[in-house]
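Trainee: Please see the structure below; I have some questions.
No lab work stands behind these numbers, since they all come straight from the coordinates. Note that the structure is a prediction, hence the values are computed from the model and not measured. Heads up, the Cβs are rebuilt from the backbone with ideal geometry, glycines too, and the neighbour counts pull from every protein chain shown.
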Amino acid sequence: MTAEALDRNNRASERKWRRRSLWSLLVLIPLALAVESYDSVKALLGNNDLFPRRVAWGESARFGGSDWKLTDLRGAFGMSNLPPDSVPVLADFQVKIGDPDLQKLWLGCKIVLVDKDGRRWSPTSIVSLKTPDNVGNCISAIFSGAKSGDTLDLRETFLVPKEATKSVRPSVSVASERPRFLLFQLEKD
Amino acid sequence: MLAVAVKPLVLTLRLWWRFWPQLVAMVLLGIVFGDLFMQVAARAALLNHMAGLALLTLVALTQLIVTVAMFQTLLPALPAVRAAQQAAQGESETGPAGGSARLARMITVALLPFFAYYAAWGFLGDTVRQYSRVALDMAPFGEGAGNVLDVLDSRWLIVSVVISWLIRRFATAMQKRGGSRSFWQIVVVICETNWIFIGLYVISRWKDEAIAWIMSRNIFSALQAAADGATHPIAGAFAAPMVPVEVTSVDTTTRLVNLFFYMLLPVIWLVLAALIYGYDVRDDKELMRVHRRVERLGERYRAIPKFLRDFAEHFISGYRSRYLPIANGVRITLSSGVVLIVTLIVGYRLIDWLAAWAWLGMTRLIGPHELDTWQVLSEGVSLLFGSPFQDSSTGILVEPLRISFLAAILETAFALPKRQVGESGQPSGPTSPAEAQHA
Amino acid sequence: MLESARSRLKAWTVAGIGTAAAIAAAGVLGAFGARHEPLPVLAPASQIDIGEWLLRPLKAYVTAEKYAYGTLLKPGGKALVLEVEMTNRTAKSTKDYFDVLQAGSTVVDPATKPFIVLTRDSTMSPELHPGMPERMAYIWQLRDGAAVPASFDLTVIRKTYKPRDNLYGLPGWFNPTPAGTLTIPVGAGPAGADIQP
Amino acid sequence: MMRKSANIVLLLLAVVFCYGLQISKPHYGDLIGPIPARGKLADTVVGRAFEVHAEKIEFARKLKVDQFGRQKVLTTGGVWAVVTVAFAARAESTVVSVASWRGPTGLTYDQTERLSFMNGLLPVAVDPGLPRKARLIFEVRPDQANNATLLISEKLVAALDSQAEISLGPVTITADGLPGGAVDTLDMAEPL
């Protein structure tokens, strides 16, 4: 084999490898990204409420091993000592316990109000309205020791600007179901 | 003078343009396999710290194979380096081996010495840091279980070394018997890297202790006090503006030492590149030629009874193969002139600096997000510019450039006319790249 | 063949001896490293520079009151109070002072942590701010039935600043090591005068 | 000879240049640090999760506070700096919990922990559409009052999240070493 032929050979094989590498990038770049970000994507999906599941008014939905139903959503007008143009909003739920392992299934339980623009309100600590003794909230329910078949009444209180009261809808999420969450619809929807 | 500085830069870009798909693909392969092995090692460490450390060898090995392979890919475009390589090997091994087979051979041949050298310079520390972080993340509550490196202080390490020695023994026996040779060759390489990895890491820890002991002997304190006195005059009264102690507590000596190593690292990498190109790794002919006196020393050395030489070899060979390339590397670089060394140091550090700023720039471009979101985004940025921890960073935009730059510097050093004059003892050196390829 | 075996045996023997010597040398080095140098004895009436903090011991006394600087003490017990002027020398507010002073084990159970209080308004362990000296009280519960000592020993611990730690590369103060010891006289009570330099 | 000295000059230049690169290279802490949203006093600074608007700064030697129904006067080794701010959440309810005062030379003073019993201090929960006022209270050295920057973030580790950076502008220092306009006692019982 002459030196020239050898050189030509090398050139050809280099071009071949260059072409192969270029094609392989199409696979390797997504693969590397997937391998590297697997844990982070898992954490992102496990910590955030991304995909809503709409629940029509009056219906109940299986979520975190129990059946959730929105019973009431109303404003508590006429309170003093509040920031101007704000309204306390009460959300009442009735939950029929299915799987009683709430400490695992309801971990990270979060009830928020979502309006038409996607703004989210967490429960407030500014307003404290008196609630009946048998009504708890999401976190206290976890430690209530409720058994399968029990029905729990839950209430959360929010503080919402007046302009948003028309469009807010309650949503429920727990760590065991994320990134999916429940979005309850009202009677008028 | 300026041409010497510009030539490697132009060559870097040319190399990069010619080979970027291959280089990027290799970096990506390294990332994928390195990450998988790292996960395996960290998970194993949760069960047994020793097993984790042994599996960590695979991570280090992956990084090294990728580096070696990248350098080897560039070889066809480095005529002066190839000429030197072939001159060193003699005419015996110029067979027209196919691309992949040649690559495989080069890797196994170049890997061990390169690995030893890489480890000896403490680059494995980066791998160990990554490993500690991954294991710490995985450990349930960060207590005790997180400190996966406690095994380094344990005597069980010897067991690990013995086991890998036994496996290696078995593998060489199998290899001789003729069963699938390349497979056993890989087993041997893994066992040997395991030794080097564990052995050198332990030694480096001992060495650190020894150095800390020496440094604590007040040898430097007089010098340091003088230097500090010059830079920070005695603090004034309380009313004077306060200079935080973070600024004043890092003394001048430390700063100088840090700067020295900061500037030395590119040179080390150049030597590593030279090592990979097989430039007289275990051959001290070149070095012996440096000086008549050294040569006489070499002759006298050969006159020593064999068993004594065996013994000396036993202890020294490790150091010789470690320091000989340094000596040679320093010789190559020094003889190639200050301009080229400065180009190397500044260029290497500039790539590194630009990568860090590019990372920062990307964060500003993408803007603020919740931590969970940024966690995902940062993986993408890291893929481009390397890990934000800046240890053995392997971004697909940075690493190919770095390797091309080192290869270009080496090529320029070998192609310098000065060097060819220096070797006039041999049949005159290659005069044109084309000839060099055909030699 | 035999010749080579013999020379190999010799080489191994010598290598073995060499290894033993190396290990011995490393052991000696290690022993030197671990050798306890006597800690410097610091003067109580001085500014003590431990990197993060500048300390100036002011006074020490034993109290049997129910409260010392707003902290409730164990009923019936006594507490050793050490008042110190502390200056944060770093660039950031910090409360990294919990392990800075360690009282000798003759008077205080080393397992008990002191309460650390800002004397100005009895705030329990607040952050101290850069370049602003504050008077702090370290309050140790004395051992049950312990006599009031005439003086007590104190070990001062310092840390070293690292611009980048080994794991993540973040700045911080690491490696607590004893910087020195000092003996502080125990005064009559809270009204006693400060130690004068 | 010429060549040698030229080489030495080149090497020295390289050393200086490398030192510059070494100290100006951003490291992990900088890369994952907070992303600043800058503004001035009285601007509305818009971050990712919240908006903040610094209304005024007051300096005082002492603070008069109400602790569990009892009047208390708090002194300090430096000077009290009280910044009145208004927060508003953007898309989601959030809690703003960290504020610090960065002096002109980079010394950073966290919000004081001596008034934790008082209302209207951080952490403050804010809801979308419902702006809320708060006080940020610092103890600073008087020489750190001039041209200071206020740093406000939701969490202590604001990794790659926005951090409001409000430059507070020049403050004259009077002959007695206090910031101009400093009062002797500031009453915290006054409504926001």
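Trainee: Counting pairs on different chains as well as pairs 8 or more places apart, how many Lys pairs in segment C:48-185 have Cα atoms under 16 Å apart?
Mentor: Final tally of qualifying lysine pairs is 8.
Trainee: Just checking the output field for D:28-41: average partner chain Cβ neighbours within 10 Å of each residue's Cβ?
Mentor: On the way: counts 13, 9, 6, 14, 10, 2, 2, 7, 2, 2, 0, 0, 0, 0.
Neighbouring Cβ atoms belonging to other protein chains average 5 per residue here.
Trainee: In chain D, with Lys and Arg counted as +1 and Asp and Glu as -1 at Cβ, which of these residues, D:Gln144, D:Gly106, D:Leu121, has the Cα nearest the positive end of the dipole, that is, farthest along it?
Mentor: Farthest towards the positive end: D:Gly106.
Trainee: Once phi is turned into ³J(HN,Hα) by the Karplus curve 6.51 cos²θ - 1.76 cosθ + 1.60 with θ = phi - 60°, what whole-Hz value does each residue of segment A:82-88 show in order, with x for glycine and proline?
Mentor: 10, x, x, 6, 10, 10, x
Trainee: Continuing with this model, one more query. With charges set only on the Cβ (+1 for Lys and Arg, -1 for Asp and Glu), what does the dipole of segment C:33-91 come to about its Cα centre, in debye to the nearest 20? Let's see the in-between values first.
Mentor: Numbers: 7 positive and 6 negative charges, 50 e Å.
Here the size comes out at about 240 debye.
Trainee: Ok, one more. Summing +1 for each Lys or Arg and -1 for each Asp or Glu, what net charge is found among the other residues whose Cβ lies under 9 Å from the Cβ of D:Ala81? Write down the numbers at each step before the final one.
Mentor: Numbers: positive: none; negative: D:Glu58, D:Glu139.
It works out to a net charge of -2.
Trainee: Through the Karplus equation 6.51 cos²θ - 1.76 cosθ + 1.60, θ set to phi - 60°, convert the phi angles of segment B:398-413 into ³J(HN,Hα) values in whole Hz; use x for Gly and Pro.
Mentor: Values per residue, Gly and Pro as x: 9, 4, x, 5, 5, 5, 4, 5, 4, 5, 5, 4, 4, 4, 4, 4 Hz.
Trainee: Right, another one. Go from 0 up to the bin containing the longest alpha carbon distance in chain A, width 10 Å each, and give me the % of pairs per bin.
Mentor: Final binned percentages: 8, 28, 25, 12, 7, 6, 6, 5, 3, 0.
Trainee: Quote to one decimal, in nm, the extra length available between B:Leu166 and B:Arg14 on full extension: 0.36 nm per residue of separation minus the C-alpha distance between them.
Mentor: Length gained, B:Leu166 through B:Arg14: 50.0 nm.
Trainee: Residue-wise, which Karplus ³J(HN,Hα) couplings in Hz belong to segment D:88-105, taking 6.51 cos²θ - 1.76 cosθ + 1.60, θ = phi - 60°, and x for glycine or proline?
Mentor: Coupling constants for segment D:88-105: 9, 7, 9, 8, 9, 4, 8, 10, 8, 10, 10, 9, 9, 10, 9, x, x, 9 Hz.
Trainee: Now for a different question. Compute the signed sum of charges (Lys and Arg +1, Asp and Glu -1) over the other residues within less than 12 Å, Cβ to Cβ, of A:Asn137. Show your work: numbers first, answer last.
Mentor: Values: positive: A:Lys110, A:Arg155; negative: A:Asp92, A:Asp153, A:Glu156.
Taking every other residue near A:Asn137 into account, the sum is -1.
Trainee: Out of residues 5 or more away from C:Leu128 or on other chains, whose amide H comes under 5 Å of its own, with H placed 1.01 Å from N in the peptide plane?
Mentor: So C:Leu128 has HN proximity to C:Thr94, C:Lys95.
Trainee: Continuing with the same structure: Using a 7 Å offset from the Cα along the Cα-to-Cβ direction at both A:Arg180 and D:Ala86, what is the distance between the two label points in nm, to one decimal?
Mentor: It is 4.4 nm.
Trainee: Work out Dmax and Rg for segment A:1-47 from the C-alpha atoms and quote the Rg first, both in angstrom.
Mentor: Cα radius of gyration and Dmax of segment A:1-47 are 19.7, 65 Å respectively.
Trainee: Separate question: I'm a student and want to see the number: the projected area of the Cα convex hull of segment D:6-117, averaged over all directions, in nm². Could the numbers behind the result be given before it?
Mentor: Values: hull surface 47.6 nm².
About 11.9 nm², averaged over all directions.
Trainee: Here is a follow-up. For the residue pair A:Leu6 and D:Leu12, what label-to-label distance in nm results when each label sits 7 Å from Cα along the Cα-to-beta-carbon direction?
Mentor: Distance between label points: 5.1 nm.
Trainee: Right, another one. Would you please give the FRET efficiency between D:Asp66 and C:Glu65, computed as 1/(1 + (r/R0)^6) with r the Cβ-Cβ distance and R0 = 22 Å, to the nearest 0.05? Before the final figure, lay out the partial values.
Mentor: Working: r = 27 Å, r/R0 = 1.21.
It comes to 0.25.
Trainee: Turning to a different aspect of this structure: Taking amide H positions as placed 1.01 Å from N in the peptide plane, with prolines and chain starts having none, which residues 5 or more places from C:Arg143, or on another chain, fall under 5 Å of its amide H?
Mentor: C:Asp109
Trainee: Near the amide H of C:Leu58, under 5 Å away, which other amide H atoms are found, from residues 5 or more places off or on another chain, if H is placed in the peptide plane?
Mentor: Distant-sequence amide H within range of C:Leu58: C:Glu83, C:Val84, C:Glu85.
Trainee: Any idea what log10 I(q)/I(0) is at q = 0.11, 0.14 Å⁻¹ for chain D, Debye with uniform C-alpha scatterers and no solvent?
Mentor: With no solvent term, the Cα-only Debye profile gives -0.57, -0.82.
Trainee: Within a Cβ distance under 11 Å of C:Trp140, other residues only, what is the Lys/Arg minus Asp/Glu net charge?
Mentor: +2
Trainee: On average over all directions, what projected area in square nanometres does segment C:48-185 have, based on the convex hull of its Cα atoms?
Mentor: Details: hull surface 34.2 nm².
One quarter of the hull surface, i.e. the mean projection, equals 8.5 nm².
Trainee: Of D:Ile166, D:Ile23, D:Ile57, which has the largest mean-square fluctuation in a 10 Å C-alpha GNM of chain D?
Mentor: Looking only at D:Ile166, D:Ile23, D:Ile57, the biggest GNM fluctuation is shown by D:Ile23.
Trainee: Something else about it: So how many Lys-Lys pairs in segment D:34-187 land under 18 Å Cα to Cα, not counting same-chain pairs under 8 apart? If you can, show how the numbers build up before the last one.
Mentor: Numbers: D:Lys40/D:Lys56; D:Lys40/D:Lys133; D:Lys56/D:Lys133; D:Lys62/D:Lys72; D:Lys64/D:Lys72.
Pairs that pass both the separation and distance tests number 5.
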